[in-house]
Each structure stands twice: as structure tokens, then as C-alpha cells.
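Below is one structure, written out as C-alpha cells, with a few remarks after it.
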Amino acid sequence: MRIKALGIVLISALSLFTAFYWLTDPARRENAYKTRLEELVAYGQEMFGDVTPENDHTANCAKCHGKDGTGGPVGDTGRLAPNLHSKSIYEKLKAQNGGTFTEIRKPGDPPDYVNLVIRFGGVVVSGDVNSPMPAWSTEVSGPLTVNQIDALTALVETWALEAGSKPDEVIPDTVEAGQKVFVDAGCGGCHGADLSGAIGPSLLNIGNAPVTDLPTPIAHLDQLQADYAADPRAFLERWIRDSAVNYNDGTATGMPVHPEGKVSASALQALITFLLSQKQ
């Protein structure tokens, strides 16, 4: 009888322990995930930073993107590295995830926008094989391992989530504010930090005349010129929002689309004010 009673007690205790473990498992998993995420982001910050005697294994992303990731000039190329705290990255990730983006990519998950750009370079974003953003993955003879790229992905996507959680800022309609939008939206990556052109055309005289010498010929160039003559601001809004739909029968023009989720209404107006101030 004692053995039976002991067996019943042990089975009951095991059942209670199993039930307790099962009930608390989600919280335990969540805590483990948070710890792993913190470790990934911390490693990503190491990889992102400047090369120092204490940290000589960094990818030195800060050299172009700035120490805080808010963007900067790419050497003497005349091009700008984008602000990695931009809400546009959040919007890209949200679109890729069916309209929601609430947590960063976990190691082992399918690659997403940020992960692919780090692995294979700026060509993923722009189609420009001469993009100054290199391919970092060892898969394509780059210097970074899967774990290092996962860490940088976690860092950038953490910034993206923070940017996405903030309400849209109302941008003042000034030349100075518009210049900041130009930088933050990464326009200098194609048009040059000084607007003199790179893979995209020069915008130095956009305040006097539309750009007609485009890298990709468009179907409705006459309409483009007429719209600019009638209302330069309204033309630029149509061109920046979706040049393909508005002027090329839906065929890509080389100019990326900029929906309101990427560039807010107030940011767009400030950007246009800045552009229209460019006159030679």
C-alpha cells in the first residue's frame, strides 16, 4: 500500500509539474527571446561601430551611415548613405509582412528586406550594380558571417520598429526642412549629395525647368513638360509619388515610388519647396 501511495503521490507531483511547466512555457520562451534579441542588438552595435583597437572586427557601417545610423556622405562619391532610423524602412518591412511589422526577424527566419540588403548590397534596393553599399555576406565573397549579418539585421530592424512607433511628424514647409527630407529619404543616393546627379539626373535646375534628359525615356514627356509649366509643385508631387503610373503607363522609370507611408504629405511639400529653390 505504501508503494502504491508513493506512486500516486509521485505521479500527481509529476502531473502538477508538467502542467506548471506548460503554463509558464510561453513566458519562459518570451524571456529567452528577449535575452537573445538584446544580445543580437548589442553585437550588432559592435559590428556597426568604428574600428578601434578594442573593436577591430567591426564592419564599420558607421563610416558611411554615421555613428548613430542617421546617414552621411559615402566617401568622395557625392552620394549619401541613408538614415537607418527612417520610417521608410519600417514601411518596407511592413509591406513585406502583409501590412504588419511588430517584431524583428529571428535568426533562421526567411530573409527580409533589411537582411537581403546587408547580404547582397544596394543593388537589392536600386538595381544599381555600382551601388556604394557593398554585398557583405560570405555567400558572395563578402566578409561577414551569417551570425554577424543577423546581428546587424536585428540592430537596424530595432531602429525601424522605433521609427514606426512614432507618430508622423509635421514637417514645416521650408527649404531647410526640405533639405533634411532630401537627406533622410535617401534622395542623395541617386541624385548626389549636392544634387548634381549620380545614377539619377542632376536636380540643380529643377526650380526652373523639369528634367527631360532622363536615364529611362518615358512615354508622356510632352505631358510632363506641360504639367510642369502649369504647376511645378503639382507636377513634382505626381512625379515623386509615382512617376511610372503618372507619366509612363505604369512602366518603371528608374524613379522609385514614394507613397505617403514612405514620405508624409508635409514632408513631401517641404521636399518640393527645397527642390524648387534649386535654380541655376
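The values are calculated or read from the model by the stated rules, or taken from the named source; none is laboratory data. Fair warning: this is a prediction, and the values are worked out from it, not measured in the lab. In this analysis, Cβ positions are derived from the backbone assuming ideal geometry, glycine residues included, and neighbour counts consider all displayed protein chains. Surface accessibility is based on the protein's heavy atoms, side chains included, excluding ligands, DNA and RNA. Shrake-Rupley method; radii C 1.70, N 1.55, O 1.52, S 1.80 Å.
Name the GluC sites (Glu not before Pro) in segment 175-280 that are in a loop by DSSP and that have at most 13 other C-beta atoms within 10 Å, would you?
Of the GluC sites (Glu not before Pro), the ones in loops of segment 175-280 whose Cβ has at most 13 other Cβ atoms within 10 Å are Glu260.
Rounded if a/c is under 1.5, else prolate if a/b is larger than b/c, else oblate: which is segment 73-166, with a ≥ b ≥ c the root eigenvalues of its Cα gyration tensor?
oblate
Could you work out the longest stretch of the chain that avoids the trypsin sites (Lys or Arg not before Pro) located in DSSP loops with at most 16 other Cβ atoms within 10 Å?
Excluding the exposed sites themselves, the longest stretch runs over 68-278.
Taking only Cα atoms and a 10 Å spring cutoff, compute GNM fluctuations for the chain and point out the largest among Ala81, Ala230, Ala252.
The residue that fluctuates most here is Ala230.
For segment 157-280, what is the Kirkwood estimate of the hydrodynamic radius, computed as the reciprocal of the mean inverse distance between distinct Cα atoms, to one decimal in Å?
Value: 15.0 Å, from the Cα pair sum.
Show which lysines lie in cross-link reach of Lys94 when reach means a straight Cα distance below 27 angstrom and same-chain residues fewer than eight apart are skipped.
Cross-link targets: Lys34, Lys67, Lys106, Lys166, Lys180, Lys262.
By how many degrees, 0 to 90 and rounded to 10, does the Cα axis of helix 87-96 deviate from the longest principal axis of the chain?
70 degrees
Which value at 222 nm does the chain reach when only helices count, each DSSP H run of 4 or more adding -39,500 (n - 2.57), with the total divided by all residues and rounded to the nearest 500 deg cm²/dmol?
-16500 deg cm²/dmol
Give me the log10 of I(q) over I(0) for segment 182-237 at q = 0.14, 0.25 Å⁻¹, as the Debye formula computes it from C-alpha points; what are the numbers?
Ignoring solvent entirely, the Cα scatterers give -0.40, -1.09.
Using modelled backbone amide H atoms (1.01 Å from N, in-plane), which distant-in-sequence or interchain residues come within less than 5 Å of Ala81's amide H?
Result for Ala81 returns Gly72, Val74.
Tally up the carbon and sulfur contribution to the accessible surface of the chain as a whole percent, 1.4 Å probe, everything protein left in place.
The computed percentage sits at 59.
Tell me the GluC sites (Glu not before Pro) within segment 43-150 that lie in a loop according to DSSP and have at most 10 other beta-carbon atoms within 10 Å.
Glu54
Amide H neighbours of Gly122 under 5 Å, counting only residues 5+ apart in sequence or on other chains, H built in-plane at 1.01 Å?
When sequence neighbours closer than 5 places are left aside, the close amide H contacts are Met133.
Taking θ = phi - 60°, what integer Hz values does the Karplus form 6.51 cos²θ - 1.76 cosθ + 1.60 yield along segment 248-256, in sequence order, with x for Gly and Pro?
Karplus-based 3J(HN,Hα) across segment 248-256 equals 9, 6, x, 7, 4, 9, x, 8, x Hz.
What ranking of Asp227, Asp56 comes out by heavy-atom accessible area, probe 1.4 Å, highest first?
Asp56, Asp227
Accessible area per residue of the chain at 1.4 Å probe, in Å²?
56 Å²
In percent, how large is the relative contact order of the chain, given Cα pairs closer than 8 Å and 6 or more residues apart?
17 percent
Roughly what % of Cα-Cα distances in the chain sit above 27 Å, to the whole percent?
In whole percent, the long-distance tail amounts to 49.
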